[in-house]
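Asks: Attaching a single structure in C-alpha cells format; questions to follow.
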C-alpha cells in the first residue's frame, strides 16, 4: 500500500456563508476552518485525524499560509493561492507545486477543512480504496443518509436517492492529474451547483450533458424517474465526462458532515463529545 499526501482546500466563496455571518459577525476569521471549536480550531481536528492516519504521507493546506493558519504540533505544508480563488486556481496551484517538486502522483487526494468529526481509521479506509483503484480518474466518498436520519430524525444534507441507497457526498475525494487538467470546468460547475444544496441542481446539469449521448438515454430515464441505481449513476457520469469514476461508501456520519449550516456547528460538537465520552468509558472498562 502506498501512502499519499492529502490536500486541504482552505478557502471560501466570495460571498460569506450564513454560518459565518452568524458565528463570526465581526469577520474575525477568513474561513469556517478557523472558527473556535471545543477549545481548538475546526481545522485542528481535521489535521490531527489526517496525521493519525497510517495512509497519509503529509498534509498540505491550499489557500492559507503559516501566518494566517499556523500549526505548532503538526508539520503541515502550504501551497499559495488566494483563499477566495475558484477551485480551478487552487487545482492549478497544486499541479504547479507538484511539478516544481518533481512529484508524480497517480491520485491527488482532497479533504475538506471543516469536517472535525472525520476519523483516522476511515481516512485509512478511503485512501486504501483509492490506492487499489486502477486507471480511475475520480474517486468520491459517499455516506449513507440513514446515518443522519438515525441521529437527527431527518437529513439536512444534499442527498442522492437511488434504488439501492440514499447517499450524500463525503468530505474526501481523489482526482487523477488527467481529470484535473481535462475536467476542471465541469468539476467547478458541479461544485457550485452542490452549494445550492439540492441533488437535482447537480443532476440536472449531468442530464443535460448526457442528452447529447444517446447511449445514456435509458439510464437517464431511470434517473429522472428515480429508478436508477448507484451503478447507473456511475455509468452516466463516466460516459458524460469521459472519465472513469468510483464511489466509496464510508458508513460513518462524521465522514460526511461539515459546517454547511448554523445547526451543524452544535450537532458536530455533540457528536464529537459523545464519541470522546464513549472512548473514555471503554478505556475505564478495559482497565477494570
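The values are calculated or read from the model by the stated rules, or taken from the named source; none is laboratory data. For clarity, every value in this text was computed on a predicted model and none was experimentally measured. Neighbour counts are summed over all protein chains in view; Cβ atoms, including those assigned to glycine, are modelled from backbone coordinates with ideal geometry.
Asks: Restricting to region 146-164, give me the number of residues that are surrounded by fewer than 19 Cβ atoms within 10 Å (Cβ to Cβ) and not in a loop (DSSP other than H, G, I, E, B).
Replies: Going through region 146-164 one residue at a time, the tally reaches 6.
Asks: Only residues that are farther than 17 Å from residue 71 by Cα and free of Cβ contacts under 8 Å to residues at least 40 places away in the same chain: list them for region 18-39, please.
Replies: 20, 21, 24, 25, 26, 27, 28
Asks: Let me ask something else about it. Residue check, residue 135 against (1) farther than 21 Å from residue 35 by Cβ; (2) in contact with a helix residue (DSSP H, G or I) (Cβ under 9 Å, 6 or more places away or on another chain); (3) in contact (Cβ under 8 Å) with a residue 60 or more places away in the chain; (4) in a loop (DSSP other than H, G, I, E, B), all met but one. Which one?
Replies: Evaluating residue 135 over (1) farther than 21 Å from residue 35 by Cβ; (2) in contact with a helix residue (DSSP H, G or I) (Cβ under 9 Å, 6 or more places away or on another chain); (3) in contact (Cβ under 8 Å) with a residue 60 or more places away in the chain; (4) in a loop (DSSP other than H, G, I, E, B) leaves (2) as the failure.
Asks: Continuing with this model, one more query. For the structure I just gave you, tell me whether residue 77 is surrounded by fewer than 20 Cβ atoms within 10 Å (Cβ to Cβ) and either in contact (Cβ under 8 Å) with a residue 12 or more places away in the chain or in contact with a strand residue (DSSP E or B) (Cβ under 7 Å, 6 or more places away or on another chain) (or both).
Replies: yes
Asks: Of these, 271, 223, which one is over 19 Å from the mean Cα position of the chain (by Cα), surrounded by 15 or more Cβ atoms within 10 Å (Cβ to Cβ) and either at pLDDT 90 or above or farther than 25 Å from residue 46 by Cβ (or both)?
Replies: 223
Asks: Considering only residues of region 123-145 that are out of contact with any strand residue (DSSP E or B) (no Cβ under 7 Å at 6 or more places or on another chain) and at pLDDT 90 or above, which is surrounded by the fewest Cβ atoms within 10 Å (Cβ to Cβ)?
Replies: 132
Asks: Taking the residues in region 242-288 that are touching a helix residue (DSSP H, G or I) at 6+ places or on another chain (Cβ under 8 Å) and part of a strand (DSSP E or B) as candidates, determine which candidate is farthest from residue 37 (Cα to Cα).
Replies: If we take residues in region 242-288 being touching a helix residue (DSSP H, G or I) at 6+ places or on another chain (Cβ under 8 Å) and part of a strand (DSSP E or B), then 245 is farthest from residue 37 (Cα to Cα).
Asks: Follow-up question, since we're still on this one. Only one residue in 15, 27, 67, 101 is on the phi > 0 side of the Ramachandran plot, modelled with pLDDT under 95, surrounded by fewer than 19 Cβ atoms within 10 Å (Cβ to Cβ) and out of contact with any strand residue (DSSP E or B) (no Cβ under 9 Å at 6 or more places or on another chain). Which one?
Replies: Selected residue: 27, the only one of 15, 27, 67, 101 that is on the phi > 0 side of the Ramachandran plot, modelled with pLDDT under 95, surrounded by fewer than 19 Cβ atoms within 10 Å (Cβ to Cβ) and out of contact with any strand residue (DSSP E or B) (no Cβ under 9 Å at 6 or more places or on another chain).
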